[in-house]
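Here the structure is laid out as structure tokens; the discussion comes afterwards.
Readers should treat all values here as calculations from the given coordinates under stated rules, not as data from a laboratory. In this text the structure is predicted, and so the values were computed from the model without any measurement. With ideal geometry, Cβ positions are generated from the backbone for all residues, glycine too; neighbour counts draw on all protein chains shown.
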Amino acid sequence: MNKAKQLFAGLILMALGLGAAHADYTLNLMKGVTKVSNDIYDLHMLILWICVFIGIGVFGAMFYSIYHHRKSKGHVAAQFHENTTVEIIWTIIPTLILVGMAIPATKTMLELSDVDKSDMTIQVTGRQWYWDYKYLDNDIHFESHLDEASEKVHRTPGADPRSVPHYLLNVDKPLVIPVKKKVRFVLTSMDVIHSWWVPDFGWKKDANPGFINEASTYVEKPGTYRGQCTELCGRDHGFMPIVVIAMEQVDYDAWVKKTLEQQKQKPDLSDQTTQQLMTHGESVYLKNCVGCHQINGAGVPGLIPALTGSAIATGKWESLDGFLRAGTSKMPKFDKLNAKEVAELLTYVRNNLGNKVGDELQPKQTALPDDDE
Amino acid sequence: MSAVVDEHDHHADDHHDHGPAKGLLRWVITTNHKDIGTLYLLFALAMFFVGGAMAMVIRAELFEPGLQFVDPAFFNSMTTMHALVMVFGAVMPAFVGLANWQIPLMIGAADMALPRMNNMSFWMLVAGVLLLASTLFMEGGAPNGGWTLYPPLVLQPITVGKALPFAIFSVHLLGISSIMGAINIIATIFNMRAPSMKLMDMPLFVWTWLITAFLLIAVMPVFAGAVTMLLTDKFFHTSFFNAAGGGDPVLYEHIFWFFGHPEVYIMILPTFGVASTIIPVFARKPLFGYASMVWATGSIAFLSFIVWAHHMFTVGLPLAGELYFMYATMIIAVPTGVKVFNWTATMWKGAMTFETPMLFSIAFVVLFTMGGFTGLMMSIAPSDFQYHDTYFIVAHFHYTLVPASVFILMAAGYFWLPKWTGNMYNEKIGQLHFWISVVSVNVLFFPQHFLGLAGMPRRIPDYAVQFADWNMISSIGGFIFGISQLLFLYIVIDTIRGGTGEKVSDEVWEDAAKHSLEWTLPTPLPYHTWTTPPSVVPTEHVLDSH
């Protein structure tokens, strides 16, 4: 008995010790940074305590009975097998508890579904496997991919995830919103069903292809809030995180101004060295191609063709370029890539991933007529 | 009160008993409910280990952050196949096996009503599961879009290779098999009960299976319809679920869960029935609240049809829908609560002993209730916006399936194997099996509540480092739980081959014959039983009305 106790205490201590090793670790739901997330937290705690309370009652009675009403103690079995009063009581009391629960739950549900009178709207589009954000009020539009450090580590066997800050919860371009503003989100998808979840905001909402869902948030406190896709969306479902930075209005305005300026900038089409082309090409590849064609270009047998040794990848670069921009029934078209990115990507694909075509493409070569204007 | 066995019955057996066919062919052509029950149970046990091996792959990959063992697509195949194999290959067939063995014995019937169909439904199950398993070896791998098979993902050529049509035909076969099994069970219960057994005299196990069989008949065709629409969307260019063609992917979710929610009760209602059978025997008391148990089972079954969208709170339901499905779901807590209270009241003031079947049954009541609590938490729609698709739900449904359905299946094994085989299992090893299982299953699943609340989504092969500790603990629990089930396999084989060698009485358990008919038959059970129905049936639970 003593040994069992020691073992139990040891296990708990071990659990606590492990928990302490990561200070950001939590056991319970987090309160979040919006009113609705706090209300949900309160609901959660209320129902949790109700369950604990009922559990103590029921299990208490059961264990009392198990301890006292055992044959080995000479207890003689009573032979009752029904009691209408008791049965009515234990039907009615839970019903009343549920009605009591339903009231605050309904209030919070109303709050959660209120998207009226918003100050701004952001369109969130789920893609395999990244998020596409479009600010409907000011034309800011960008993609938000898993950051390169996490991308490389999770694709490299034996690499240490602990070496990457915010492993799998970091992105290249976070979503930016102002605090103390009601932000409305309209969510949809370009391919399969995704679900957009930032726990600190208190909700997740599915992004369904062909349909639009709405949700809203009102963040009180500036900060960086992280979340993930929560609807299975294919092989890289686990690798499309969400990062939202909430800023004071002034900072947000400055960010909008800067981002709009950057967005207007033309890509730099000047020549690059082979080394530059290859390095940049890897970045473009990691962002756009790696999810399907894999880090070594081997593809997935039976599902996705390999780029290594592929006739299209290593054939005439013009046809590869055309293929890339047009897409196929299986592959989305990548006409969003600019001439600079295309040149870098093509050079990388044709001279890495086990391919050795030996050519190098400059942005000016891959530029379409209207890219120069 | 206790049944009087018709002595004449057993003498009659001696004269024209044509026993089992010789050799292996016996198992292929058998129409004997006991043989078919055995086939179902052994097949389910085998699939329990196949599905369990897949769970081990999942827990091994999640042991540490980073990708160590498998490719994400294969990981997704494992989660998908683990679910399909466990649901359709292990838990459901195991309960059908129990039904085959026990329903005729408990109602005083000579066999199932439709013995040839019984044989056919078993072999269709085998065909269905083999077809499903064969996808593991196909180009592009096994289905990896989750057991829910949501479109458009499952239709995507870059996600699922050649496996989809095979998985769908497998679902069709499994569905036909289940429907045939259900029809057989209903026909048996309605037509073959001992003349003196009224519906309200039936053991709870028979009642719960009767209701379950109706659920099966109602929803398996719905699932078959849903997956057939997937098939035509994929191969015949229909657009049921394709928005570009005027369809709606969310429609699939509605249809799937209209099947899916009753489906989860198909796995739990017979569990309730077995628990209601075992607990009174070891408490040496009649089951408390027999009539309310029957009504609660019926209510839960009815409610299961009108709560499906609580699996879909975050898909963008209209507010009225969110509220309706929340209220309807919350109501389920009432009949479920009644059942838990009844089991507790059955133990209350009993004279309990704690043999392995009772231990597993008590653990079932406690741990199923924990799964029920988290279910209640998730019925609160706003809270579900946080819980949905995280490890919290993974913990929830595993609590209702593993330490509930699976534990009760084990309990049933310990409870009835001595009766079926005439051999006693080794109580010491049985208790060892129980204690290792009950501790490890909690080490396995309890931390998953923490992971979910802390924000870890389900169905991911790799995770942020703050989830590392509890995942490792959960995996350790998983490995111990997985390995310890080999003890059960050992016990089953050992018991069949002679067990402890002690003589087992007809009742096996003290006064068991007061509770149910099968204990009035000789041990080991003859190949044919109840060739003439019993004249008196135990109706202890309705003492006052008789």
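Below 10 angstrom from the Cβ of A:Phe80, what's the summed charge of the other residues (Lys, Arg +1; Asp, Glu -1)?
Result for the local shell: +1.
Under a 5 Å amide H to amide H cut-off, with H placed in plane at 1.01 Å, what residues pair with A:Trp131 once short-range neighbours are removed?
Counting only residues 5 or more places away or on other chains, the set is A:Ser144.
Leaving out same-chain residues fewer than 8 places away, which lysines sit with a Cα under 29 Å from that of B:Lys339?
Of all the lysines, those that pass the test against B:Lys339 - Cα under 29 Å, at least 8 places apart if same chain - are A:Lys71, A:Lys73, B:Lys198, B:Lys285, B:Lys349, B:Lys419, B:Lys514.
I'd like the Karplus ³J(HN,Hα) series for the range B:195-211: coefficients 6.51, -1.76, 1.60, θ = phi - 60°, whole numbers in Hz, and an x wherever there's a Gly or Pro.
Once θ is set to phi - 60°, the couplings for the range B:195-211 become x, 7, 8, 7, 4, 7, 9, 5, x, 4, 4, 5, 4, 5, 6, 4, 5 Hz.
Evaluate the charge dipole of chain A about its Cα centre and quote only its size in Debye, nearest 20, assuming +1 on the Cβ of each Lys and Arg and -1 on the Cβ of each Asp and Glu.
1620 debye
Exceeding 30 Å between C-alpha atoms, which entries from my cross-link table qualify? They are A:Lys35/A:Lys266; A:Lys340/B:Lys234; B:Lys22/B:Lys503.
Too far apart for the 30 Å limit: A:Lys35/A:Lys266; A:Lys340/B:Lys234.
When the dipole is taken about the Cα centre of the protein assembly as shown, and only Lys, Arg (+1) and Asp, Glu (-1) are charged at their Cβ, what size is it in debye, to the nearest 20?
I would put it at about 1140 debye.
Below 16 Å, Cα to Cα, which lysines can A:Lys152 reach? Residues fewer than 8 away in the same chain don't count.
Cross-link targets: A:Lys287.
With point charges of +1 on the Cβ of Lys and Arg and -1 on the Cβ of Asp and Glu, referenced to the Cα centre of chain B, which listed residue (B:Pro249, B:Leu62, B:Val340) lies farthest in the positive direction of the dipole?
B:Pro249
What ranking of A:Ser113, B:Ser484 emerges when the number of other C-beta atoms within 10 Å of each C-beta is taken as an exposure proxy, fewest first?
In increasing order of surrounding Cβ atoms, one gets B:Ser484, A:Ser113.
Divide by every residue of chain B the summed helix terms, -39500 (n - 2.57) for each DSSP H run of at least 4, and state the resulting mean residue ellipticity at 222 nm, rounded to the nearest 500 deg cm²/dmol.
About -21500 deg cm²/dmol.
When chain A is modelled as a GNM with alpha-carbon springs shorter than 10 Å, which of A:Gln79, A:Gln262, A:Gln276 fluctuates the most?
A:Gln79
Take B:Val50, B:Val28 and order them by how many other Cβ atoms sit within 10 Å, fewest up front.
B:Val28, B:Val50
Give a residue-ordered list of calculated ³J(HN,Hα) values for the range B:58-66 (Karplus: 6.51 cos²θ - 1.76 cosθ + 1.60, θ = phi - 60°; whole Hz; x for Gly, Pro).
Running phi through 6.51 cos²θ - 1.76 cosθ + 1.60 with θ = phi - 60° gives 4, 5, 5, 5, 8, 4, 9, x, x Hz.
For A:Lys31, which lysines qualify as cross-link partners when the Cα separation must be under 21 Å and same-chain residues fewer than eight apart are set aside?
A:Lys31 reaches A:Lys107, A:Lys180, A:Lys181, A:Lys182, A:Lys204, A:Lys205, A:Lys221.
How crowded by other chains is B:74-86, given as the mean number of beta carbons from other chains within 10 Å of each beta carbon?
Mean partner shielding for this stretch: 1.
Where does the range A:120-264 land on Rg/Rh, using Cα atoms and the Kirkwood Rh?
0.96
Choose one of A:Gly302, A:Ser283, A:Gln362: the residue whose Cα lies farthest towards the positive end of the charge dipole of the range A:274-371 (beta-carbon charges +1 Lys, Arg; -1 Asp, Glu; about the Cα centre).
A:Gly302
Put +1 on the Cβ of each Lys and Arg and -1 on the Cβ of each Asp and Glu in the range A:22-112; which of A:Ile88, A:Met109, A:Met62 then has its Cα farthest toward the positive end of the dipole?
Most positive-ward Cα: A:Met62.
Please arrange A:Glu220, A:Glu151, A:Glu143 by how many other C-beta atoms lie within 10 Å of their C-beta, fewest to most.
A:Glu220, A:Glu143, A:Glu151
Determine the dipole magnitude for the range A:22-112: charges of +1 sit on the beta-carbon of Lys and Arg, -1 on that of Asp and Glu, nothing else is charged, the reference point is the Cα centre, and the result goes in debye to the nearest 20.
It comes to approximately 360 debye.
May I have the pair-distance distribution P(r) for the protein assembly as shown, computed from all Cα-Cα distances with 10 Å bins from 0 and rounded to whole percent?
Calculated over all Cα pairs of the protein assembly as shown, the distribution is 2, 11, 20, 23, 19, 12, 7, 4, 2, 0, 0 percent.
What full-extension length gain, to one decimal in nm, is calculated for B:Asp511 and B:Ser535 as 0.36 nm per residue of separation minus the Cα-Cα distance?
6.7 nm
What nm value, rounded to one decimal, do you get for the distance between A:Asn38 and A:Glu220 when each label is placed 7 Å out toward the C-beta?
0.2 nm
Using amide H atoms built in the peptide plane, which far-off residues or other-chain residues are under 5 Å from B:Met424 H to H?
B:Thr500, B:Gly501, B:Glu502
Among residues other than B:Thr314 whose Cβ falls under 10 Å from its Cβ, what is the net charge (Lys/Arg +1, Asp/Glu -1)?
-3
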